[in-house]
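The values are calculated or read from the model by the stated rules, or taken from the named source; none is laboratory data. What you see is a predicted model; the values in this text were computed from it and never measured. Positions of Cβ are backbone-derived with ideal geometry, glycine not excepted, and every protein chain shown enters the neighbour counts.
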């Protein structure tokens, strides 16, 4: 049974700045390492801003079981998950390491999600868990790129 998709959750790979992450890395970590049935993210935004699709999904507002990923416990049935490569400094401390290309791609990704699903809300993984991921303040960033408040997740939503 499909659920209405209502969240886009932004993640980081929790890897050191400048280290490229591949689709194969995510699959290795999530499926082989964690024993999950599929990756935790739908898409990966690489250092150069290009996107690797990890889990196919369609563009409607329904989140079908075949589209779901394991990005945020308790929210997976209503959320799509996107990850950027990075999120840690060279000492593995949380840090916003997004390249300019990643920022540009992520902004476009968010705007496209809103255009397709006008009621979707955007959240950082850290708003749904105790993790530092994605290592930046998602609501503040969304406001800085002109995203309307109705599309910015709040636990009061």
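Only a single criterion out of (1) within 18 Å of residue 7 (Cα to Cα); (2) surrounded by 14 or more Cβ atoms within 10 Å (Cβ to Cβ); (3) modelled with pLDDT of 95 or more is not satisfied by residue 131, namely (3). In the stretch 120-132, the count of residues that are in contact with a helix residue (DSSP H, G or I) (Cβ under 7 Å, 6 or more places away or on another chain) and free of Cβ contacts under 8 Å to residues at least 12 places away in the same chain is one or more.
Counting residues in the stretch 83-94 that are at pLDDT 90 or above, over 13 Å from the mean Cα position of the chain (by Cα) and either within 25 Å of residue 151 (Cα to Cα) or crowded, with 17+ Cβ neighbours inside 10 Å (or both) gives one or more. Look at residue 98 and say whether it is touching a strand residue (DSSP E or B) at 6+ places or on another chain (Cβ under 7 Å), in a loop (DSSP other than H, G, I, E, B) and modelled with pLDDT of 95 or more. In short, yes.
For the stretch 95-119, the set of residues classified as surrounded by fewer than 15 Cβ atoms within 10 Å (Cβ to Cβ), touching a helix residue (DSSP H, G or I) at 6+ places or on another chain (Cβ under 9 Å) and either without any contact (Cβ under 8 Å) to a residue 40 or more places away in the chain or within 20 Å of residue 14 (Cα to Cα) (or both) consists of 118 only. Here residue 136 clears all of (1) at pLDDT 95 or above; (2) over 16 Å from residue 49 (Cβ atoms); (3) in contact with a helix residue (DSSP H, G or I) (Cβ under 8 Å, 6 or more places away or on another chain) except the condition numbered (3).
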